[in-house]
Amino acid sequence: MGDACFSTQLIDGDGVFNVSGLDNFMKEVKLGECGLSYAVVSIMGPQSSGKSTLLNHLFGTNFREMDAFKGRSQTTKGIWLAKAQNIEPCTLVMDLEGTDGRERGEDDTAFEKQSALFALAVSDIVLINMWCHDIGREQAANKPLLKTVFQVMMRLFSPRKTTLLFVIRDKSKTPLENLEPILREDIQKIWDAVPKPHAHKETPLSEFFNVEVVALSSYEEKEELFKEQVSHLRARFQHSIAPGGLAGDRRGVVPASGFSFSSQQFWKIIKENKDLDLPAHKVMVATVRCEEIGNEKVASFTADEEWQQFEEAIQHDYVPGFGKKLSSILDRCLSEYDMEAIYFDEGVRTSKRQQLESKLLQLVNPAYQLLLGHLRTRTLEAFKESFDKALTKEGFAAAAARNCMQTFLEQFDKGSEDAAIQQVKWDPSKVKDKLKRDMEAHVASVRNAKLSELCAKYEAQLTKALAEPVEALLDSASEDTWPAIRKLLQRETKAVVSGLESALSAFELDEASEKDLLAKLENHGRSVVESKAKEEAGRVLIRMKDRFSTLFSRDADSMPRVWTGKEDIKAITKTARSASMKLLATLAAIRLDEDVDNIENTLSLALVDTARPGTTDRSIQSFDPLASSSWERVPEDKTLISPVQCKSLWRQFKAETEYTVTQAIAAQEANKRNNNWLPPPWALAAMAILGFNEFMTLLKNPLYLGVIFVVFLVGKAFWVQLDIATEFQNGFLPALLSLSTKFVPTIMNILKRLADEGQRPAAPERQREMELQPTNRSSYSNVTSAGSSSVTTTENGPEYSSPVAK
């Protein structure tokens, strides 16, 4: 039985509270599980009045009892606590140190008052043990005790409804019905005499206490009767807190789990000699205990294995079913709190529950935000993948992009709903807005890239359509060049811009952006023309020389000219230079805006027509229209070749083409000389007059004619074989040198042919004539660019080139 009641000293004789002992006691009796279903019974009375004996018999405890054979002395020191045996509900029994003991003396009553006040503060039922023979006496031992009880009770602002059970010991033959009125009258007198606070001046005793009276026979003289009466009394403690029980109307009960803390605070306040405010104490106990329970639940939550697994998994990826599972964990944690804190003050309990919920949500919120981050990342990646696939198949379309965004935003909404926690309505709109911005940024980047590709495509198309035609038109360089270029630019730009405008409809651009892109494409067309014009302007000198060479060296049928002496080189030169000047005038400025200028007239006046008859005025001749850095009525940004540059280019052009003209003139003169084989007319007349006698001699002697005919034939053969006419076209001295080297081989060749002719039958006349044609002709070099003669070696010997330039 001793082990079952777990007897523990709660407060020692020096007033020291046994905190660890009480905590162990509560664990042993599992008091924390009782909630409000428990009762506290205490006993007070004079020393050696049998208090411990009564409690041991009444509740089955094992408090130390006085040994009568050793004399009457103090047995119980301080306050002891034990659990009643076989009493429902759980009943705690406190045995207080007796009053009026000689060990503490008359002056040391502080502990008596403190222990009495403590018993009234924590007990539901207080047994007041008193002797039967003290009833009706003015100086009985119970009178100071009752005064003490009532005095300390007045210090409770809102006292509990405590049951005072007066136990009359060693009952005499006087019936209880006669003793009880006397006792109640004495109690009322004491109550009325006790000074009360103003708020309780008229408060009756029944508001503070339930007074019950019971009488017991002497334990020493009538032990069996005593035990029987105690047994009947014990029955009254069964279900004492139920309605109609001894403590059925108690108030301000502290939940069992807060009993330890409440008792400690009670004793601390009593020791400090402060007034007790039971409602405030109740709130204070509830506050501390609910906070302890909340902290325990927070610790339990953080240590929960399922939560730890969730927290670990969320660090790496999105966890499906997060909201539902976590809500279950939180609900379980809060339910446990509610079960443990249900008996504490409702206001405090609710407040601490909110604090607990807030702490738990603070622990959960980082995981929730991280989960939304994973959801956002996963949704964004899925969106990009889906969008890029659609882009590959169908190309960019703003409507398709919006639909794709809407689809994946709805997926995010479903995921955020899955992650939602029942205990709180966290708004995922910020994360959703971030996702939407990321999607829009991706779509914008793709759209910009596709727009760039599309614009580049049409720019390349326009470049291809313009570059070569513009180059060809600039190369032709006529009066119609720039009008043709403008017409070409307008036609091709219109076609390409129309294609781009049609392609841009899928992008749903605003009007301003679309106009900018179309304007940019139009400007690109102009820039292509301008770029080509600048390129051609950079090669204008080469183009001018090519045009001059073409017109000067070839006739109207594009055949190479042969300078026979009949050509008008001056006129041909002027025509070629005029054409080159027109090319220069065409490339001098960009003319895409149909602005009128006089560049060609200026160049013609300054460069080609400088020697025109009628320009004899010295003032006019002294004015140089090309002595300027800009053209009249031509903006600087449209100028490709300035007047000064044109003058410099023309000077260089003339210097580089002058040699060609000189060589043509030299070739024409050489051709005239080479083609004039007959002597002058006067020489022919002299030869006729002086050679008349010889001519008559030939007529008179025909043999001479035969010899002359043979000599003619031989000479003709040598003429043909040696190609004398061609040789002398290269000059007299080179011809002599060449003929001297070829003379002997030619003679040997002729003799060999004659020998061969004599050995075979006669051939037809035509064949004979063919064989008389030269079988070997040497190739001769024409005129060298340096004008000096040179010697080259061929099969038939060295050849000489004349100093006439090519």
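Where a number appears in this text, it was derived from the coordinates with a stated rule and is not lab data. Nothing here was measured: the structure is a model prediction, and the numbers come from that model. Glycine gets a Cβ as well: all are built from the backbone with ideal geometry, and neighbour counts include every protein chain shown.
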Along the Cα→Cβ direction, 7 angstrom out, place labels at GLU600 and VAL194. What is the inter-label distance in nm? 13.3
So how do 542-553, 499-510, 83-94 stack up, highest first, on mean other-Cβ count within 10 Å? 83-94, 542-553, 499-510
Under the 7 Å Cα-to-Cβ spin-label approximation, MET687 and GLU479 lie apart by a distance in nanometres of 5.6
Rounded to the nearest 20 debye, what is the charge dipole size of segment 170-215 about its Cα centre when +1 sits on each Lys and Arg Cβ and -1 on each Asp and Glu Cβ? 100
Show which lysines lie in cross-link reach of LYS147 when reach means a straight Cα distance below 25 angstrom and same-chain residues fewer than eight apart are skipped. LYS51, LYS77, LYS113, LYS161, LYS171, LYS189, LYS196, LYS201, LYS268, LYS271, LYS274
Which far-off residues, 5 or more places away or on another chain, put their amide H under 5 Å from the one on ILE421, with H placed in the peptide plane? TRP426
For segment 656-661, just list the computed ³J(HN,Hα) in residue order, Karplus coefficients 6.51, -1.76 and 1.60, θ = phi - 60°, integers in Hz, with x standing in for Gly and Pro. 7, 9, 4, 5, 4, 5
Of all trypsin sites (Lys or Arg not before Pro) in segment 174-226, which ones are in loop regions per DSSP and have a Cβ with at most 16 other Cβ atoms within 10 Å? LYS201, LYS222
Using modelled backbone amide H atoms (1.01 Å from N, in-plane), which distant-in-sequence or interchain residues come within less than 5 Å of LEU640's amide H? ALA589, ILE590
Amide H contacts of ALA215 (H built 1.01 Å from N, under 5 Å, at least 5 apart or other chain): ILE168
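Between ALA755 and THR697, what length in nm is gained on full extension when 0.36 nm per residue of separation is reduced by their alpha carbon distance? It would help to have the intermediate numbers written out before the result.
Details: separation 58, 0.36 × 58 = 20.88 nm, distance 3.44 nm.
Gain on stretching ALA755 to THR697: 17.4 nm.
Let me know the whole percent of all Cα-Cα pairs from segment 274-362 that are separated by more than 22 Å.
So the portion of pairs separated by more than 22 Å is 36 percent.
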Tabulate in residue order the Karplus-calculated ³J(HN,Hα) for segment 520-526, using 6.51 cos²θ - 1.76 cosθ + 1.60 with θ = phi - 60°, rounded to whole Hz; enter x for Gly and Pro. 5, 5, 4, 5, 5, x, 4
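Determine the relative contact order of segment 638-757: mean sequence separation of Cα pairs under 8 Å and six or more apart, normalised by residue count, in whole percent.
The value is 17 percent.
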Between GLN85 and SER386, how many nm apart are label points set 7 Å from Cα along the C-beta direction? 7.6
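Give the residue list of GluC sites (Glu not before Pro) in segment 158-230 that are DSSP loop and have at most 16 other beta-carbon atoms within 10 angstrom.
Numbers: sites: GLU177, GLU185, GLU202, GLU207, GLU212, GLU220, GLU221, GLU223, GLU224, GLU228; in loops: GLU202, GLU220, GLU221.
Hits after loop and neighbour filter: GLU202, GLU220, GLU221.
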